[in-house]
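No lab work stands behind these numbers, since they all come straight from the coordinates. Every value quoted in this text rests on a predicted model; they were computed, and no experiment measured them. When we count neighbours, we look across all protein chains shown, and the Cβ atoms used for this are built from the backbone with ideal geometry, even at glycine.
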Amino acid sequence: MPDAISELPSKSTPRCHALLPCAGTGSRAGTEQPKQYQPIAGQPMVMHTLDALRAVTRLDLCVVVIAPDDAFWSAQPVGTLLARCGGATRADSVFNGLQALREQGADDNDWVLVHDAARCLVTPLQVNQLIDACQDDAVGGLLALPLPDTLKAEQDGRVAATVDRGGKWLAQTPQMFRLGALHHALAARAASGFAGVTDEASAMEMAGHRPLLVRGSAQNFKITYPEDFALAEAVIRSRT
């Protein structure tokens, strides 16, 4: 399928919006509460993430997708829209969040930057670099890093093979695609429960597109395991 996403009809100059799926439980992090609300360097992790996104002046709307019964948010953060439409999976939350953006007047030709709440070390510079690289692209793209380590395939707890790491990248976020194109790509997988959709780029790949890889930073890692919290705090404190 040819990549002709840039030819979608538009009512105006495309805008950029941020979408933050924030309905997960983060079970691998070992925290009593969802990991995105765990304090790091004096404030909940998600607030560090939001601070970085809200510092990017080219982002028009910033939507945080939360679970319908989420009790963390006592008030709507400044410059942020809370959408209580989080689903059982990340893809479900993103799919619902795209509809929330449409209800706020976003156009299908607008760009949406989907970002992990648990990547709280992203910087405004990195987000702007992604926008610069993708804003004239037919498809869009994502921050990523070339795989630096030797990669092993496993079977029964032992090494089954060493996998060639050439041409392999670690996907990060934000991932930036047109609202309409991403919604269409996810809609095509909705009936299967979004089977095989591990991130927005994978949904776009299934729709026949080839997202652009934009080099990110090793510091933009996703907090997943208990030891990641101390490392993230050290990075945040080193920036002050």
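Observations on the structure shown:
- Taking only the Cα atoms of the chain, the radius of gyration and Dmax are 17.7, 56 Å.
- The calculated FRET efficiency for A153 paired with D69, based on their beta-carbon distance and R0 = 35 Å, is about 0.30.
- For G140, nonlocal amide neighbours, meaning residues 5 or more places apart or on other chains whose placed amide H falls under 5 Å from its own, are L212.
- Derived scalar couplings ³J(HN,Hα) [the range 185-201; Karplus, 6.51 cos²θ - 1.76 cosθ + 1.60; whole Hz; x for Gly, Pro]: 5, 6, 4, 5, 10, 5, 4, 8, x, 6, 4, x, 8, 9, 7, 5, 4
- Inverse mean reciprocal Cα-Cα distance (Kirkwood Rh) of the range 67-106, Å: 10.9
- Taking the fewest neighbouring Cβ atoms within 10 Å as the starting point, the ordered list for D51, D116, D149 is D149, D51, D116.
- Nonlocal amide H pairs with V112, under 5 Å, H built at 1.01 Å: H17, F177, R178, L179
- Three-way shape label, the range 106-240, alpha-carbon gyration tensor, a/c 1.5: oblate
- Magnitude of the charge dipole for the chain, about its Cα centre and with charges confined to Cβ atoms of Lys, Arg (+1) and Asp, Glu (-1), is about 280 debye.
- Computed over the alpha carbons of the range 104-157, Rg followed by Dmax gives 16.2, 51 Å.
- Annotation for the range 133-172 versus the range 74-89: alpha-carbon center distance of 31 Å.
- Å³ per residue enclosed by the Cα convex hull of the range 30-82: 95
- 14 Å Cα-Cα reach of K152 towards aspartates and glutamates, excluding residues that sit fewer than 8 places from it in its own chain: D164
- Using a Förster distance of 25 Å, the FRET efficiency for L145-T57 (Cβ separation, nearest 0.05): 0.45
- Estimated vicinal HN-Hα couplings, Hz - the range 151-156 in sequence order (Karplus 6.51, -1.76, 1.60; Gly, Pro = x): 10, 10, 9, 10, 8, 6
- Cα radius of gyration and Dmax for the range 171-240 (Å): 15.8, 47
- Over all directions, the projected convex hull of the C-alpha atoms in the range 145-206 averages 5.9 nm² in area.
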